[in-house]
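Worksheet: one structure, shown below.
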Amino acid sequence: MKSIRARIIAILLIGAMGMACTACGRNSDESSSGAENSAAESGADIENSGDLTIAEGEMLKQDMTISDYVVEDSQSDVPVNQNVNQNSGTSGENSTSEENYVVVTDEAGQEVTDENGNVVTQVVTGGNSGGSGNNNNSSDGNSGNSSGSSDNSNGGNDNSSNGNNEGSDGNTYTPSIVGKLLYWLDMSQSRDYVFNGDFVDVTFRVKDDAPDGNYTIGIGECDFANWDAETVTYTTVDGDLAIGSAQQKETGTPGDDGTIKLVCESTSAQQGEEVTVRFTISDNPGIVGLIFRFTFDQNALEFVDYNVGEDCAEFISLA
């Protein structure tokens, strides 16, 4: 059994990672290194401080904080948007025509699906009966998205891998994926905390000019640690936000390759509306610290606020 000093030193590494990512969001590698050194020095101070009391070590507890972090391509397959319609800007006589998002059906009138089970859709420009200029948004170029952690998986979410969704006039919509990082630590009670259910609720505002389509709310790399300073594995399912006329997708099911299950519930909204996206946690064996990351498309969504879910509010407070 590790001593309390060893536990604190080990779990302070989570704090170091959290501070380092916050520093990275401020574009400072030196600050990132400094954050890690600061955590290491704190650990050394604890090791040499003799008997440790809660009053002497406020680092034993940190209410949940939020910060920006840089989403790098090398970190994960960045979730991008599917079936995003682009209004035609300039295309001759059709420049004022509207583009409609339609589902492809077979001769029996049944929806056509691709090999991954996704419904095949087309963008059809109004008044174009000859089919010219239509864009078939089938499964070509779509692949399952990995969250970037070796311990987690997407639960079967399929996301476009190229990041650009082409409208019928040849224009493209380019997403801009950004991330938020949540950090929490509580070693003040010398025990693990078990909480499940509604974990974090995040409110976005859908931008007025966001094209209709399905937008991924991703779960990035996370870190969980228990009282014994052990890493707790996890698996994830990204969420889908259907904007405008896009069809809302069902929430996926997490795999079994991680202990903790993190799920972003899918939902829908219209342009100009505020929408709350819920992240849930299940099969939590008990933890004392965490780093939780989520990603979204800032070209379509504006981050408004976040709160601890009602099922976890007894254990986690906001800073």
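The values are calculated or read from the model by the stated rules, or taken from the named source; none is laboratory data. Keep in mind that this is a model prediction, so the values were computed, not measured. Virtual Cβ from ideal backbone geometry, glycine too; neighbours counted across all protein chains shown. Just so you know, the surface numbers come from the protein's heavy atoms only, side chains and all, with ligands and any DNA or RNA stripped out. Shrake-Rupley method; radii C 1.70, N 1.55, O 1.52, S 1.80 Å.
Being part of a loop (DSSP other than H, G, I, E, B), modelled with pLDDT of 90 or more and crowded, with 16+ Cβ neighbours inside 10 Å is the requirement here; does Trp227 meet it?
Against the criterion (part of a loop (DSSP other than H, G, I, E, B), modelled with pLDDT of 90 or more and crowded, with 16+ Cβ neighbours inside 10 Å), Trp227 qualifies.
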Fill in: Residues (over 19 Å from Glu250 (Cα atoms) and part of a strand (DSSP E or B)) located in region 203-216
Thr203, Phe204, Arg205, Val206
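Within region 217-232, how many residues turn out to be under 27 Å from Thr267 (Cα atoms) and touching a Phe, Trp or Tyr at 6+ places or on another chain (Cβ under 8 Å)? Before you say what the answer is, go through the steps one by one.
Within region 217-232, the subset under 27 Å from Thr267 (Cα atoms) is 217-224.
Filter once more, keeping what is touching a Phe, Trp or Tyr at 6+ places or on another chain (Cβ under 8 Å): 217-220, 222, 224.
Number of matching residues: 6.
Name the residue, out of Gly218, Gly244, Gly252, that is farther than 30 Å from Ser190 by Cα, among the small types (Gly, Ala, Ser) and surrounded by 23 or more Cβ atoms within 10 Å (Cβ to Cβ).
Gly218
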Discussion item. Can you pull out every residue in region 293-318 that is more than 19 Å from the chain's Cα centre (by Cα) and assigned to a strand (DSSP E or B)?
Written reply: Leu318
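Residue by residue through region 280-292, note down the ones that are in a strand (DSSP E or B) and open to solvent by less than 10 Å² (accessible area, probe 1.4 Å).
So the first thing to find is which residues in region 280-292 are in a strand (DSSP E or B), and the list is 280-282, 287, 289-292.
Answer for region 280-292, where residues must be in a strand (DSSP E or B) and open to solvent by less than 10 Å² (accessible area, probe 1.4 Å): Ile281, Ile287, Gly289, Leu290, Ile291, Phe292.
Identify all residues within region 180-205 that are of a type in the set (Ser, Thr, Tyr) and over 10 Å from Cys312 (Cβ atoms); write none if there are none. Steps first, answer last, please.
So the first thing to find is which residues in region 180-205 are of a type in the set (Ser, Thr, Tyr), and the list is 183, 188, 190, 193, 203.
The answer is Tyr183, Ser188, Ser190, Thr203.
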Fill in: Cβ-Cβ under 8 Å pairs, at least 6 apart or on other chains, region 298-310 side in contact (Cβ under 8 Å) with a residue 40 or more places away in the chain, far side surrounded by fewer than 18 Cβ atoms within 10 Å (Cβ to Cβ) and assigned to a loop (DSSP other than H, G, I, E, B)
Gln298/Ser176; Asn299/Thr174; Asn299/Ser176; Asn299/Lys207; Ala300/Lys207; Leu301/Lys207; Glu302/Lys207; Val308/Ser317
Practice prompt. Go through region 294-316 residue by residue and tally those that are farther than 21 Å from Gly213 by Cα and open to solvent by less than 10 Å² (accessible area, probe 1.4 Å).
Written response: 3
